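**Q** Got a structure here, written out as structure tokens. Questions coming.
Please treat every number below as a calculation from the coordinates, not as lab data. Source: prediction; values computed, not measured. Ideal geometry is used to build each Cβ from the backbone, glycine not excepted, and the neighbour counts take in all protein chains shown.
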Amino acid sequence: MAHDGWPRPVLLAGTPVVGLADHLRRGGGIAYAAAVRQGRDATIDAVARSGLRGRGGAGFATGRKWAGIRDAGAGRRFAVCNAAEGEPGTFKDRALLRHDPYQVLEGLAIAAFAVGAEAAVIATKRSYAPEAARIATAIEEMAADGSFGAVPVSLVLGPDEYLFGEEKALLEVIEGKEPLPRLLPPYQHGLFATEIQTGWESVEAPADGVTGANPTLVNNVETLAHVTQVLRHGPEHLRSRGTSESPGTVVVTVVGDVTRPLVVEVDMGTPLSVLVELAGGAHPGRTLRSCYSGVANAVITADHFDVPADYESLAAIGSGLGSAGFVFYDDSACPVEVARSFSRFLYVESCGQCRSCKFGCGEITRALERLNDGAGSDHDIGVIGARLRSVTDQVRCYLATEEQVLIASVLRAFPEEFALHIEGRCSVEPARPIVVPKITDLADGVVRYDDRQASKQPDWTYAPPS
Ligand SMILES: Cc1cc2nc3c(=O)[nH]c(=O)nc-3n(C[C@H](O)[C@H](O)[C@H](O)COP(=O)(O)O)c2cc1C
């Protein structure tokens, strides 16, 4: 690469941080002190000027989100760090937490200070044991140290369900409930809100009649790690890397049919082809054919592998950055089977509160299963088309849109593969089963996927081993 000393990590720089003393020795605490010195408005302004965009998937402008919480009228506020990391193909939040939970928690302390939160929460999966342990130790050390403000921070451990990471479901879990997205977003109906709205459960009016929306800030792990750097070095620091629309570095995960799967921090705008190179390229004798950025965006075909990995460039080719987890498939993977596997994942993980989502994802999955098994017909393509049009009707979260965008894109990108399947044939012989790449571990070029996902049922139970 032409870059000097590339890829020059910021968030993943150096060796893993071993404790709070190590964090402080490397400049920890400077960012929080700078935020307090500048005050709330200037802190929010600095984040806005940096151009930082949320790394949880949607790329929403972080400064604008913070200002919205600040300006939401009188009353209680909370700040939440989303460490659920449930997107298939993504391991970057766990890599960051393993490397340095302190910069993430310092970012959370800055966020809590800036929006005037009375408490902060970091929520991760119970099954992410090494990361949870590091977070718990860091919270204790930082509270005892006392230089990160007086806002209490607690760790909440949640279930493995995909929807746990969806912010409206995340708040439900923090309140001790199931990961079922509530109706209104966190800035309108935050943690422990007493307004007479929720999603799943009805809530009685408080005895004193005083209700509150408790606007709550939710930010991703990586977003908050960047916040610490922005406050430590100033907003221009972020803008000195990446692109004008997508400033800074981004921690990407590259998995699937690559020789050396990895998590690596690169400049926003680094081409996908370079990420493939970093991951050791395709297996010998194989050609990479497609790339999926999680299960939330349109498939990227090989003719677009030179696309810069940033929000605007990926949107321009009809896809998206998502949480920067890239899953590559080579010519030994059948696109119909990939579509079936990803659709089944979304069907299983759909919570069922919105009928069009659960029913639609289920119908699409069954049609893809028939096609994949060579038992499908033109009628199944019609079923998929019809359900893709209605799957997002009156839904309360984005999961159904993911199904719509992703499956429609595979149909458009590989029409000849579907045509072959209608004739009972497949271009890939022998076709291999595709396991949705929910990552359980990724280190030293070796990735492990959750093999339990294949036996997970649409009611979130697991089928007994046969
Ligand atoms: C089905 C679904 C799953 C999601 N899972 C995660 C997740 O695991 N981690 C995450 O940070 N954001 C996840 N998100 C996005 C969050 O709802 C939210 O946008 C994000 O945490 C906001 O943080 P940011 O502004 O820093 O990006 C998910 C969204 C959807 C629709």
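**Q** Go ahead and run the numbers for FRET between residue 386 and residue 175, Cβ-Cβ distance against an R0 of 35 Å, rounding to 0.05. Don't skip to the answer; put the middle values down first.
**A** On the way: r = 37 Å, r/R0 = 1.07.
Here the calculated transfer efficiency is 0.40.
**Q** Run the dipole for segment 20-239 about the Cα centre, Lys and Arg Cβ at +1, Asp and Glu Cβ at -1, nothing else charged, and hand back the magnitude in debye, nearest 20. Could you put the intermediate results ahead of the total?
**A** Details: 23 positive and 27 negative charges, 166 e Å.
So the dipole magnitude of segment 20-239 works out to roughly 800 debye.
**Q** Among 346, 46, 305, whose Cα lies farthest out toward the positive end of the dipole of the chain, if unit charges sit on the beta carbon of Lys, Arg (+1) and Asp, Glu (-1)?
**A** Result: 46.
**Q** When Lys and Arg each count +1 and Asp and Glu each count -1, what net charge do the other residues less than 10 Å away from residue 235, Cβ to Cβ, add up to?
**A** Details: positive: 49, 239; negative: 45, 236.
Taking every Cβ under 10 Å from that of residue 235, the sum is 0.
**Q** Moving to a separate point now. Cysteines without a disulfide-compatible partner in the chain, using Cβ under 4.7 Å as the rule?
**A** For the chain, the answer is 81, 291, 334, 351, 361, 397, 426, because their Cβ atoms have no other cysteine Cβ under 4.7 Å.
**Q** By how many nm would the segment from residue 8 to residue 119 grow when fully extended, if each residue of separation counts as 0.36 nm and the alpha-carbon distance is taken off?
**A** In short, 36.5 nm is gained.
**Q** For a test of understanding, tell me how many lysine pairs in the chain have Cα atoms under 22 Å apart, given they are 8 or more places apart or on different chains.
**A** 16
**Q** Also, I was wondering about something else. Evaluate the distance, in nm, between pseudo-label points positioned 7 Å from the Cα of residue 157 and of residue 378 along their respective Cα→Cβ axes.
**A** 5.6
**Q** Estimate the FRET efficiency between residue 432 and residue 259 by the formula 1/(1 + (r/R0)^6), using the beta-carbon distance for r and 25 Å for R0, to the nearest 0.05.
**A** Details: r = 17 Å, r/R0 = 0.69.
Rounded to the nearest 0.05, the efficiency is 0.90.
**Q** Treating only the Cβ atoms of Lys and Arg (+1) and Asp and Glu (-1) as charged, compute the dipole magnitude of segment 335-455 about its Cα centre; round to the nearest 20 debye. It would help to have the intermediate numbers written out before the result.
**A** Numbers: 15 positive and 18 negative charges, 86 e Å.
The dipole magnitude comes to about 420 debye.
**Q** Quick check: pseudo-label points 7 Å beyond the Cα along Cα→Cβ at residue 49 and residue 394, how many nm apart are they?
**A** Rounded to a tenth, the inter-label distance reads 4.8 nm.
**Q** Further, regarding this structure: Would you work out the charge dipole size for the chain about its Cα centre, treating the Cβ of every Lys and Arg as +1 and the Cβ of every Asp and Glu as -1, and quote it to the nearest 20 debye? Walk me through the numbers before you get to the answer.
**A** Details: 44 positive and 58 negative charges, 125 e Å.
I would put it at about 600 debye.
**Q** Here's another thing I want to ask about it. Once Rh for segment 301-425 is found with the Kirkwood sum over Cα pairs, what is the Stokes-Einstein diffusion coefficient at 4 °C and 1.567 mPa s, in µm²/s? Write out the running numbers ahead of the final one.
**A** Details: Rh = 15.2 Å.
Translational diffusion coefficient: 85 µm²/s.
**Q** Helix 378-390 versus the longest principal axis of the chain: what angle, 0 to 90°, nearest 10, using Cα atoms?
**A** Long axis of 378-390 versus the principal axis of the chain: about 20 degrees.
**Q** How far, in nm, would the chain grow between residue 459 and residue 40 when pulled straight, counting 0.36 nm per residue and subtracting the alpha carbon separation?
**A** Details: separation 419, 0.36 × 419 = 150.84 nm, distance 4.45 nm.
This chain segment gains 146.4 nm when fully extended.
**Q** Let me ask you something else. Across every pair of different alpha-carbon atoms, what Kirkwood hydrodynamic radius in Å does segment 209-366 reach? Please list the in-between numbers first.
**A** Numbers: mean 1/r = 0.0565 Å⁻¹.
So the Kirkwood estimate lands at 17.7 Å.
**Q** Still on this structure, I have one more. Can you tally the net charge around residue 91? Count Lys and Arg as +1, Asp and Glu as -1, for every other residue whose Cβ sits under 11 Å from the Cβ of residue 91. Walk me through the intermediate numbers first.
**A** Working: positive: 92, 94, 98, 438, 448; negative: 85, 87, 93, 131, 441.
Net charge in that neighbourhood comes out at 0.
**Q** I've got another one for you. For segment 370-453, which GluC sites (Glu not before Pro) are both in a DSSP coil and crowded by at most 11 other Cβ atoms within 10 Å? Don't jump to the answer; show the numbers that get you there.
**A** Working: sites: 402, 403, 416, 417, 423; in loops: 423.
Answer in residue order: 423.
**Q** Output the 0 to 90 degree angle, nearest 10, between the alpha-carbon long axis of helix 355-372 and the longest principal axis computed from the alpha carbons of the chain.
**A** 40
**Q** Just want the answer: with Cβ charges of +1 for Lys and Arg and -1 for Asp and Glu, which residue in 249, 449, 62 is farthest toward the dipole's positive end in the chain?
**A** Of the options given, the answer is 62.
**Q** Can you find, among 269, 290, 314, the residue farthest towards the positive end of the dipole of segment 251-332? Put +1 on the C-beta of Lys and Arg, -1 on that of Asp and Glu.
**A** After comparing all options, I get 290.
**Q** Run the helix sum for the chain: -39,500 (n - 2.57) per DSSP H stretch of 4+ residues, divided by residue count, reported at 222 nm to the nearest 500 deg cm²/dmol. Walk me through the numbers before you get to the answer.
**A** Values: 17 runs with 183 residues, N = 466.
After summing the helix terms and dividing by the residues of the chain, the value is -12000 deg cm²/dmol.
**Q** Report the trypsin sites (Lys or Arg not before Pro) located in segment 375-466 that are in a DSSP loop and have at most 14 other Cβ atoms inside 10 Å of their Cβ, or state none. Don't jump to the answer; show the numbers that get you there.
**A** Values: sites: 387, 389, 396, 412, 425, 438, 448, 452, 456; in loops: 396, 425, 438, 452.
Counting only loop positions with at most 14 other Cβ atoms within 10 Å, the trypsin sites (Lys or Arg not before Pro) in segment 375-466 are 425, 452.
**Q** Also, I was wondering about something else. How big, in percent, is the set of alpha carbon pairs in segment 20-239 lying more than 30 Å apart? Could the numbers behind the result be given before it?
**A** Numbers: 4305 of 24090 pairs.
More than 30 Å apart: 18 percent of the Cα pairs in segment 20-239.
**Q** Stick to the Cα atoms of the chain, pair each with every other, and give me the Kirkwood hydrodynamic radius in Å at one decimal.
**A** Details: mean 1/r = 0.0438 Å⁻¹.
In the chain this quantity evaluates to 22.8 Å.
**Q** Highest mean first, how do 102-113, 129-140, 362-373 rank when packing is the count of other Cβ atoms within 10 Å averaged over residues? If you can, show how the numbers build up before the last one.
**A** Numbers: 102-113: 27.9, 129-140: 17.5, 362-373: 21.5.
Ranking the peptides 102-113, 129-140, 362-373 by packing returns 102-113, 362-373, 129-140.
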